[in-house]
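K.L.:
Take this structure first; my questions come after.
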């Protein structure tokens, strides 16, 4: 199965990378950009074939390694 | 409108970051991880209210700034 994890900084946590992108877009002449947040996406190929077991496993990966749950939230999609 | 852009390295382009995550998951005891690719996700708040115009604008942002189209591909979702 394939899992896709999106890890974003939680609301309220300063995102200097997103802020830099917002400034750069403004400098390039893109008006009307009100905010930018940047996060990461991790695509994982799993040998597991059961969707529920895959989700449980990927949740454990997020908690242990992929996300810093103090400042980041994550979303998991299983295909 | 909100736009979400996912930027991933194209297939065939070496992804050392994803490879590092795969090794780390193996070390933590997660078996059955066959491959990991890591990319970035950029959420953009736009003043634009027309979905087609927003998509055109975000495509231009990707081509000019957000993705290096030589080695990266991008996907745009507009909400």
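The values are calculated or read from the model by the stated rules, or taken from the named source; none is laboratory data. As the structure is a computational prediction, the values presented were derived from the model and not from experiment. Cβ sites come from the backbone with ideal geometry, for glycine too, and all protein chains shown count toward neighbours.
K.L.:
Within segment A:22-31, does at least one residue satisfy the condition of being more than 9 Å from every other protein chain (Cβ to nearest Cβ), within 22 Å of residue A:66 (Cβ to Cβ), in a helix (DSSP H, G or I) and modelled with pLDDT of 95 or more?
P.N.:
no
K.L.:
Out of all the residues in segment A:10-21, which are crowded, with 18+ Cβ neighbours inside 10 Å and outside any helix (DSSP H, G or I)? Break it down into steps so the answer makes sense when it comes.
P.N.:
The first filter runs over segment A:10-21 and keeps only residues crowded, with 18+ Cβ neighbours inside 10 Å, leaving A:15, A:18, A:21.
Within segment A:10-21, just A:15 meets the criteria.
K.L.:
Scan segment B:39-55 for residues that are buried (at least 16 other Cβ atoms within 10 Å of the Cβ), at pLDDT 95 or above and not in a helix (DSSP H, G or I) and jot them down. Quick ask: steps written out before the conclusion?
P.N.:
Taking segment B:39-55 first, the residues buried (at least 16 other Cβ atoms within 10 Å of the Cβ) are B:39-44, B:46, B:48, B:54-55.
Retained after the next criterion (residues that are at pLDDT 95 or above): B:39-44, B:46, B:54-55.
B:39, B:40, B:41, B:42, B:43, B:44, B:46, listed by residue number.
K.L.:
Further, regarding this structure: Among the residues of segment A:56-63, is any within 7 Å of chain B (Cβ to nearest Cβ) and closer than 22 Å to residue B:75 by Cα?
P.N.:
Just the residues of segment A:56-63 that are within 7 Å of chain B (Cβ to nearest Cβ), to begin with: A:57, A:61.
Applying the additional criterion that residues be closer than 22 Å to residue B:75 by Cα yields none.
Taking every residue of segment A:56-63 in turn, none turns out to be within 7 Å of chain B (Cβ to nearest Cβ) and closer than 22 Å to residue B:75 by Cα.
K.L.:
Please state which one of A:36, A:5, A:70, A:58 is modelled with pLDDT of 95 or more and assigned to a helix (DSSP H, G or I).
P.N.:
A:58 is the lone residue from the list that is modelled with pLDDT of 95 or more and assigned to a helix (DSSP H, G or I).
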